[in-house]
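What follows draws every value from the coordinates through simple rules; no lab data is involved. What you are looking at is a predicted structure, and each value in this text was computed from that prediction instead of being measured. When we count neighbours, we look across all protein chains shown, and the Cβ atoms used for this are built from the backbone with ideal geometry, even at glycine.
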Amino acid sequence: MELVFLTFILVLSIFLGFELISKVPATLHTPLMSGANAISGITLAGAFLSAGMQNSEYATWLGTAAVAFATINVVGGYLVTDRMLAMFKSRKGGAK
Amino acid sequence: MENINLNLIANLSYIVAAALFIFGLKMLGSPATARKGNMLSSIGMLIAVVAGLTAEGIVDFKYIAAGMIIGTIIGAAAARMIAMTSMPEMVALFNGSGGIASLLVGWGTLYAPAGEVVSTFTAVTIILAILIGGMTFTGSMIAYGKLSETIGSGAVVFSGQRIFNSLLLIALIGSGVMLSMDPTPDSVWFWAVLGLSLLLGIMAVIPIGGADMPVVISLLNSYSGIAACAAGFAINNNILIVAGSLVGASGIILTNIMCKAMNRSLANVLFSGFGTVKQGKAIEGEVKPISVEDAYYILEAANNVCFVPGYGMAVAQAQHVVKELGEILEKNGAEVSYAIHPVAGRMPGHMNVLLAEADVPYEQLVEMDEINPRIENVDVAIVIGANDVVNPSARNDEDSPIYGMPIINVDQAQTVFVLKRSMASGFSGVDNPLFFGENTRMLFGDAKESISGVVSEFGK
């Protein structure tokens, strides 16, 4: 049942992703990509388990490395996207 | 009891986080709301991370804290220091770190708590996380190397490549099946899966040339989402599945847009080096160079000017001086626009970001389909470091390798200036009849210097 439930979530999310992204104008493709990229750093929430469960020494080290890499992805991704978006200005002046 | 409550709260928080991701992505659809959207999405991430920390079974936080501190320092420093022209490389690197994180989560999950056995289903998802995460990692590293030109950016093709890759894939599937039957981290099949996945990422990206990078970056972006999704299945975590599949879907959409913009199928981009194919018709005609001074006289009289930037503008860092010239022309009474081809540059929307950096208002950035119907009204089209995306062979030479690719029809403008270092052909190695056109004038030299020259002529 668990599997069916998870697959259900998967399929709906994919449709939602298609719907959301197909409306984004070309101007914003780079920020969209780096913003989406930052979201893929969500692996972080999973990495905590390996890093903090003390199952075995190896798992802890692997988890810690995963936490570090995923954090780079999340922090770097959001900051760089914000930096880019801050530059998109309208003729009316001022950053939105 | 307490644990159940905590678990419930964590899952409810994940729902909130997912909603924020969705709203965030939706708001990224318009320049006016995009920044707020990104902010919302990051708040969603914060909520998901805090909820993740409360997960049952986490007893030791010091390694988590260490990992997060290291990651934050590196990520923040990279995001602050990177130049806008190097954005494609940066995205490739961040992609790669997301990929390897998923790989490591999968790997760590193989170490089951004492007395428990990893089920076959979990084992399959772990293998997928390792496979896709590993491919994303090495693929992104190669893409980084090509984009930053630390390795050659051309396509690497050798005879027997497809056979080799097919064998690689078969070996990978075989090792995966063996590992799923006995999922332990000490298994020799585990190392086989790990090594082959990393190799597959390298093999998948080396045959793709520099000009096709927008497709590769989009695709790797998609993979990093799918890897997170697989890791989510492995550890039974909803938010990883939702967020991962959102990213996976968005990457695939972008990949598709890029492929359409080049009139090529994804398979064609992935499996065949570009430019190694047949050559189109030989071009006859004369190249007509123009001096900076003459360019000034023509621009001075123009009422409608359209800039068409390409990767060359990024290389020459010419975006600021381009914007300066644009402003001068506007003051001079001309209508100024910037026409951007979907695959101009090395990643989707690359040119838009550079022009935004130079403070060009986004209303002036027009897409290909918008400019083409009125290109005949353009007095001067200024092509800066673009080549294939303005090559008329794509429209009228059936023998040309890029035939059928939609282009910006600058050859139909009244006058075309092409800024170019020399007469070398573009990334695809295809000759460009535009350079020999009746109404084309070549302004040879560094794009930045040429435009600065014109700007100073206006100042005289």
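Which whole number in µm²/s is D for region B:292-459 by Stokes-Einstein, with the Kirkwood Rh taken over Cα pairs at 4 °C and 1.567 mPa s? Estimated diffusion coefficient is 83 µm²/s.
For chain A, the longest principal axis of the Cα atoms and the long axis of helix A:29-40 meet at an angle of about 20 degrees. With the largest listed first and rounded to whole Å, the semi-axes of the equivalent ellipsoid of region B:33-103 from the Cα gyration tensor are 26, 17, 11. Using a/c under 1.5 as the rounded threshold, could you call region B:2-271 rounded, prolate or oblate? The axes a ≥ b ≥ c are square roots of the C-alpha gyration tensor eigenvalues, and prolate needs a/b larger than b/c, oblate otherwise. Oblate, since a/c reaches 1.5 and b/c is not below a/b. The percentage of C-alpha pairs in region A:43-87 whose separation is greater than 13 Å is 55%.
Does anyone have the angle between helix B:188-205 and the longest principal axis of chain B? Alpha-carbon axes, 0 to 90°, nearest 10? Between helix and principal axis, roughly 10 degrees.
Sorted into 10 angstrom bins from 0, the C-alpha pair distances of chain B split as 4, 18, 26, 22, 15, 9, 4, 1, 0 percent.
Dividing the radius of gyration of the alpha carbons in region B:98-151 by their Kirkwood radius gives 1.20 for Rg/Rh. Projected onto its three principal axes, the C-alpha set of region B:148-189 covers 41, 26, 11 Å, listed from the longest axis down.
Between the helical axis of B:238-261 and the longest alpha-carbon principal axis of chain B there is an angle of about 30 degrees.
Find how much the distance from B:Glu449 to B:Met181 grows on full extension, using 0.36 nm per residue of separation minus their present alpha carbon separation; answer in nm with one decimal. Before the final figure, lay out the partial values.
Details: separation 268, 0.36 × 268 = 96.48 nm, distance 6.40 nm.
Extending this stretch completely gives an extra 90.1 nm.
The convex hull of the Cα atoms of the protein assembly as shown, projected and averaged over all directions, covers 25.6 nm².
Among the GluC sites (Glu not before Pro) found in region B:334-427, those both in a DSSP coil and sparsely packed, with 13 or fewer other Cβ atoms within 10 Å of their Cβ, are B:Glu398. Taking only the alpha carbons of region B:57-196, we obtain Rg and Dmax values of 18.1, 53 Å in that order.
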